[in-house]
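What follows is calculated from the coordinates using simple rules that are stated; it is not laboratory data. Predicted model only: the values in this text are computed from it and were never measured. Ideal geometry is used to build each Cβ from the backbone, glycine not excepted, and the neighbour counts take in all protein chains shown.
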Amino acid sequence: MKEIDLDEFHYHELFDRLYCVIHIIDELIEQHPVCDETKHKNLVKMIEEGRDKLIEAYQFVGGLAFDIGQRKNEYSGMEKQ
């Protein structure tokens, strides 16, 4: 695979895609009738753990995107005083 020079858009793009996947898990999986905690507690726990890891990754990537944006502003002299 060709190495790509990452820019702030790449981080924003991944941030957005993680949000979409988390939303899909909530809307289409966690709210599915099979995911009833009273019937399948272990299944619900696995799905919640997976969702929680994606949320953690979402927050991590958001922090990276913010840091890159801050550095870009500093280098371009756009940092607010």
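Based on the convex hull around the alpha carbon atoms, the chain presents an average projected area of 7.9 nm².
A Förster radius of 30 Å combined with the Cβ-Cβ distance from residue 45 to residue 4 puts the calculated FRET efficiency at roughly 0.25.
Cβ-to-Cβ counts within 10 Å put 44, 34 in ascending order as 34, 44, the fewest first. Across the chain, Cα pairs under 8 Å and at least six residues apart give a relative contact order of 40 percent. Shown in residue order for the range 16-33 are the 3J(HN,Hα) couplings computed by the Karplus curve 6.51 cos²θ - 1.76 cosθ + 1.60 at θ = phi - 60°: 5, 5, 4, 4, 4, 5, 4, 5, 4, 4, 5, 6, 9, 10, 5, 8, 6, x Hz (x for Gly and Pro). Placing +1 on each Lys and Arg Cβ and -1 on each Asp and Glu Cβ, with no other charges, gives the chain a dipole about its Cα centre of roughly 140 debye.
The fewest-to-most ranking of 19, 11 by surrounding Cβ atoms within 10 Å reads 19, 11.
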